[in-house]
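The structure appears below as structure tokens.
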Amino acid sequence: MIEIATIEALRGWRREQRRGKLRVGFVPTMGSLHEGHLRLVDRARTLSDRTVLSVFVNPTQFGPGEDLDKYPRDRVRDGELAAARDVDCLFAPHTSDVYPEKSAITVSPGPLADRLCGTNRPGHFAGVLLVVLKLLNMVEPDVAIFGRKDAQQAWLIRRMVHDLNVPVIIDVAPIVREPDGLAMSSRNAYLDRTQRCAAAALSRALEAGHRAFVGGDTEPAHIIDVTRAVLANEPAVVVEYVDVVDPTTLATPERAHDQSVLALAVQLGGTRLIDNVPLGAGLSADVFVER
Ligand code: AMP
């Protein structure tokens, strides 16, 4: 594995792959790698000849008062995990290289960013799309792989690539979960033992909502109520939103259907956690790791 810190060196590496007619798969991350990220790498390897993993904690997607400064960082461990997973190129640029000055040109995510996570995180998706577009322009991958864990982010990236004619295929991978169902996340490291136990309620709640749908209840408000009822059993879990949405419009459908997604965000002792499930498939669409 080659480790690259500068955009110039990355461009040189990319030219070599092009000369060799090798397809490049790209997995952008903010580091503090876990099995969720590494499964995206595995998937990139099946879709391409060479894999680039980026580690960059993007300041423009954090709002004031969010966890930019305390976001977990461990470059040495990230390097070891990436190498062990046969990443070909680890790209870890400095903030000053990605943002030599404040970008005067920005990406406006449009109305898809106004709902769900966008309601409580103004500017978040503009920051995500800006950095993803910059990274795609640096790496010039044939395919880029994102997790359905951040479903709204993946939908917005698909839409950006479509609307702005970015020449890349976007692939969205299933959520990787702990054995008790908790979706893996770098932010899970913030949870203490009690909070970690309570966090298992998120996937239990989604499963309950899914069961209501499978049982014939297609009224979004009912599915949301069933989901909220499970979360209400954990007093430490403070719900930000629970919603049933259509993935292309992010609107709540009149009647939930197989393509609808049940999504939620909560605060748990100051840590923000998100999760979602496609109503047509339930948690069986996801990957549970063994411990
Ligand atoms: P992050 O480092 O949290 O910005 O995540 C980088 C990429 O990994 C994004 O595409 C995420 O959706 C994806 N990802 C994070 N956690 C998981 C997970 N548990 N399962 C699948 N993908 C994930």
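The values are calculated or read from the model by the stated rules, or taken from the named source; none is laboratory data. For clarity, every value in this text was computed on a predicted model and none was experimentally measured. Cβ sites come from the backbone with ideal geometry, for glycine too, and all protein chains shown count toward neighbours. The area values use the complete protein model at the heavy-atom level, side chains included, leaving out ligands, DNA and RNA. Shrake-Rupley method; radii C 1.70, N 1.55, O 1.52, S 1.80 Å.
For the stretch 57-67, state whether one or more residues are modelled with pLDDT of 95 or more and charged (D, E, K, R). No: zero hits.
With the structure loaded, tell me whether Leu130 is out of contact with any strand residue (DSSP E or B) (no Cβ under 9 Å at 6 or more places or on another chain) and open to solvent by 10 Å² or more (accessible area, probe 1.4 Å) or whether it fails that test. In short, yes.
Of all residues in the stretch 225-242, those being assigned to a strand (DSSP E or B), over 14 Å from Arg204 (Cα atoms) and either free of Cβ contacts under 8 Å to residues at least 24 places away in the same chain or hydrophobic (A, V, I, L, M, F, W, C) (or both) number 2.
Here is a yes/no grid of residues against (1) touching a Ser or Thr at 6+ places or on another chain (Cβ under 7 Å); (2) free of Cβ contacts under 8 Å to residues at least 40 places away in the same chain:
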{"position": "Leu10", "(1), (2)": "no, no"}
{"position": "His34", "(1), (2)": "yes, no"}
{"position": "Arg39", "(1), (2)": "no, no"}
{"position": "Pro59", "(1), (2)": "yes, no"}
{"position": "Pro64", "(1), (2)": "no, yes"}
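Is it the case, given these coordinates, that Pro167 is within 16 Å of the ligand (Cβ to nearest atom), assigned to a loop (DSSP other than H, G, I, E, B) and either more than 17 Å from the chain's Cα centre (by Cα) or surrounded by 18 or more Cβ atoms within 10 Å (Cβ to Cβ) (or both)? So Pro167 does not fit the description; no.
If you check Asp171, Asp192, Asp163 for being acidic (Asp, Glu) and free of Cβ contacts under 8 Å to residues at least 60 places away in the same chain, only one passes: Asp163. Residues in the stretch 34-58 that are over 10 Å from Ile145 (Cβ atoms), within 14 Å of the ligand (Cβ to nearest atom) and over 16 Å from the mean Cα position of the chain (by Cα): Val52 only. Every test in (1) open to solvent by 20 Å² or more (accessible area, probe 1.4 Å); (2) over 30 Å from Asp42 (Cα atoms); (3) free of Cβ contacts under 8 Å to residues at least 24 places away in the same chain is passed by Ala208 save one, and that test is (1). Counting only helices (runs of 4 or more DSSP H) that sit completely within the stretch 52-140, those holding 2 or more residues that are out of contact with any helix residue (DSSP H, G or I) (no Cβ under 9 Å at 6 or more places or on another chain) correspond to 75-84, 117-120.
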